[in-house]
Amino acid sequence: MNKKRVFSGVQPTGNLHLGNYLGAIKNFVNLQDRFECVYCIVDLHAITNRQDPKELKSNIYETVASFIASGLNPEKNIIFNQASVSAHSELAWVFNCVARIGWMNRMTQFKEKAGSNKENASVGLLVYPNLMAADILIYKATHVPVGEDQKQHLELTRDIAKKFNNDFNCKDYFPIVEPLIPKEISRVMSLRDGKKKMSKSESSDQSRINLKDDKDLIDQKIKKAKTDNDAIPSEIGGLKNRPEATNLLSIYASINNVDLSEVLKEFANKNFSTFKSNLSESLVEKICPIGNEIKKLLKDKNNLNKILINGAKRADLIANRNLKEIYEIIGLTKFT
Ligand code: TRP
């Protein structure tokens with residue numbers, strides 16, 4: 001009881017980029033030595049938008065390969081895909097009955113993703129946060145590393161846990177989760193527009209560094225990355241209203257595990273061309289080995305299958321044990 005457990009979920013995507021790495025995966029790697037960690041590839045969340053079936057499957061392999069190539073240890077951590085552990089869906093249904101429609105309607109991510117035609121969004125997109133709460137609470141996880149944009153969904157997870165504990169008179173049954181939001185960088189921005197998030201859906205490949213980019217491509221993209229005409233300031237205050245400069249300097253800080261203020265000390269008053277060659281060098285040194293390892297891992301599907309099967313078995317054991325307790329609390333019975 002009261003043991004700390006980390007859970008996080010990542011949507012399956014092909015071609016992961018620097019934003020996925022610095023914003024999520026790198027943080028997962030840091031946590032693996034301090035906590036018991038469960039990392040889930042959330043394919044059921046992915047289908048809230050239409051997916052190509054073949055691509056969905058290959059994206060699961062890409063994501064697990066990227067996790068492992070980045071240094072996540074599949075023995076130490078539980079790494080699996082959501083569709084393999086049915087208890088997620090079963091608890092999500094229970095939470096559909098605990099959460100209130102008003103709570104769902106307040107979610108800003110739903111409003112953004114549904115756009116102007118809310119009536120035409122899938123019901124899945126609306127109840128997406130209930131599945132997310134189920135992902136976390138089926139393991140009674142206590143800490144959840146996420147980006148800033150998922151904070152509201154974690155608040156909802158806490159509300160669901162409290163309402164369940166209260167409605168069913170089981171004080172402290174579900175833990176009240178804490179977000180773990182990386183402080184140096186939780187959002188890597190586009191290389192073309194410092195106000196937009198780096199994203200695989202942006203049409204220009206120049207806007208992002210993909211984990212599988214080679215040295216020449218990284219050099220070229222950084223050279224062309226947007227900056228401004230001023231020199232690098234010596235203090236963080238000098239980065240005000242300079243989103244592109246802030247982004248590149250923050251990437252450098254994060255990839256080298258140093259504080260932004262240190263980076264500014266190092267490069268104060270220098271121009272961006274000097275800084276950019278240093279940034280390229282750091283990126284090539286850190287990212288290229290990961291990219292090469294991803295390519296290598298993707299060639300051996302048997303090995304990836306083994307990793308996913310093993311992760312699913314370990315996850316299923318915990319999830320089903322908890323689901324049994326939860327069903328008992330509610331008065332649901334599986335007659336088997
Ligand atoms: N919604 C998260 C995202 O888009 C992914 C996710 C699903 C998740 N289930 C989770 C994150 C549980 C943390 C915990 O980034």
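The values are calculated or read from the model by the stated rules, or taken from the named source; none is laboratory data. Keep in mind that what you see is a predicted model, and the values were worked out from it rather than measured. Methodologically, a virtual Cβ is constructed for each residue, glycine included, from the backbone with ideal geometry; neighbour enumeration extends over all protein chains shown. The protein model used for the area step is the full one, side chains on, heavy atoms only, and it has no ligands, DNA or RNA in it. Shrake-Rupley method; radii C 1.70, N 1.55, O 1.52, S 1.80 Å.
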### Task
Can you find, among Thr63, Phe7, Thr157, the residue farthest towards the positive end of the dipole of the chain? Put +1 on the C-beta of Lys and Arg, -1 on that of Asp and Glu.
Thr157
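Here is the link list: Lys200/Lys295; Lys26/Lys313; Lys240/Lys270; Lys223/Lys299. Which ones come out longer than 27 Å on Cα distance?
Numbers: Lys200/Lys295 18 Å; Lys26/Lys313 25 Å; Lys240/Lys270 17 Å; Lys223/Lys299 32 Å.
Beyond 27 Å between Cα atoms: Lys223/Lys299.
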### Query
In region 53-152, carbon and sulfur make up what percent of the accessible area (probe 1.4 Å)?
53
### Query
Roughly how many Å is it from the Cα centre of region 148-172 to that of region 64-96, as a whole number?
21
### Task
Return one number: the angle in degrees, 0 to 90 and rounded to the nearest 10, between the long axis of the Cα atoms of helix 53-69 and the longest principal axis of the Cα atoms of the chain.
70
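What length, rounded to one decimal in nm, is gained on full extension from Arg314 through to Val258, with 0.36 nm per residue of separation minus their alpha-carbon distance?
Values: separation 56, 0.36 × 56 = 20.16 nm, distance 3.56 nm.
Result for the pair: 16.6 nm of gain on full extension.
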### Task
Starting from the Cα of Lys221, draw a straight line to each of the aspartates and glutamates and keep only those under 18 Å, dropping any in the same chain fewer than 8 residues away.
Asp193, Glu202, Asp205, Asp213, Glu244, Glu281, Glu285
### Task
Go ahead and set up a Gaussian network model of the chain, Cα springs under 10 Å, then flag whichever of Thr246, Thr274, Thr63 fluctuates most.
Thr274
### Query
Under a point-charge model restricted to the Cβ atoms of Lys and Arg (+1) and Asp and Glu (-1), what is the dipole moment magnitude of region 178-306 relative to its Cα centre, in debye to the nearest 20?
560
### Task
Taking amide H positions as placed in the peptide plane 1.01 Å from N, state which residues far from Arg5 in sequence (5 or more) or on other chains have amide H under 5 Å from it.
Thr142, His143
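Across region 1-143, how large is the tail of the calculated P(r) beyond 24 Å, expressed as a percent of all Cα pairs?
Numbers: 3585 of 10153 pairs.
Counting every Cα pair in region 1-143, those more than 24 Å apart make up 35 percent.
Sort 64-71, 317-324, 132-139 for me by packing, meaning the mean count of neighbouring Cβ atoms within 10 Å per residue, highest on top. Intermediate results must be reported in sequence, preceding the final value.
Details: 64-71: 22.9, 317-324: 16.6, 132-139: 26.2.
Packing order, densest peptide first, comes out as 132-139, 64-71, 317-324.
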### Query
In a GNM of the chain with a 10 Å cut-off on Cα contacts, which of Lys118, Lys313, Lys221 has the highest mean-square fluctuation?
Lys118
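By how many nm would the segment from Lys113 to Asn271 grow when fully extended, if each residue of separation counts as 0.36 nm and the alpha-carbon distance is taken off? The partial results should precede the final answer.
Numbers: separation 158, 0.36 × 158 = 56.88 nm, distance 3.91 nm.
Stretched fully, the Lys113-Asn271 segment lengthens by 53.0 nm.
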### Query
How much mean residue ellipticity at 222 nm does the chain get from its helices, if each DSSP H run of length 4 or more adds -39500 (n - 2.57) and you divide by all residues, to the nearest 500 deg cm²/dmol?
-16000 deg cm²/dmol
### Query
What ³J(HN,Hα) values, in whole Hz, does the Karplus curve 6.51 cos²θ - 1.76 cosθ + 1.60 give for region 18-23 when θ = phi - 60°, with x put for Gly and Pro?
4, x, 5, 5, 6, x
### Message
On a straight-distance basis, which lysines could pair with Lys171 in a cross-link, Cα separation under 29 angstrom, same-chain partners fewer than 8 positions away excluded?
### Response
Lys3, Lys4, Lys140, Lys151, Lys162, Lys163, Lys324, Lys334
### Message
Counting only protein heavy atoms and a 1.4 Å probe, tell me what percentage of region 230-307's accessible area is made up of carbon and sulfur.
### Response
47
### Summary
Scaled by the rule-of-thumb 2.2 N^0.38 Å, the alpha carbon Rg for region 166-253 gives a ratio of 1.58
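If you place +1 on the Cβ of every Lys and Arg, -1 on the Cβ of every Asp and Glu, and leave all else neutral, what size is the dipole of the chain about its Cα centre, to the nearest 20 Debye?
Values: 50 positive and 40 negative charges, 73 e Å.
For this selection, approximately 360 debye.
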### Summary
For the chain, the longest principal axis of the Cα atoms and the Cα long axis of helix 215-224 enclose an angle in degrees, to the nearest 10, of 70
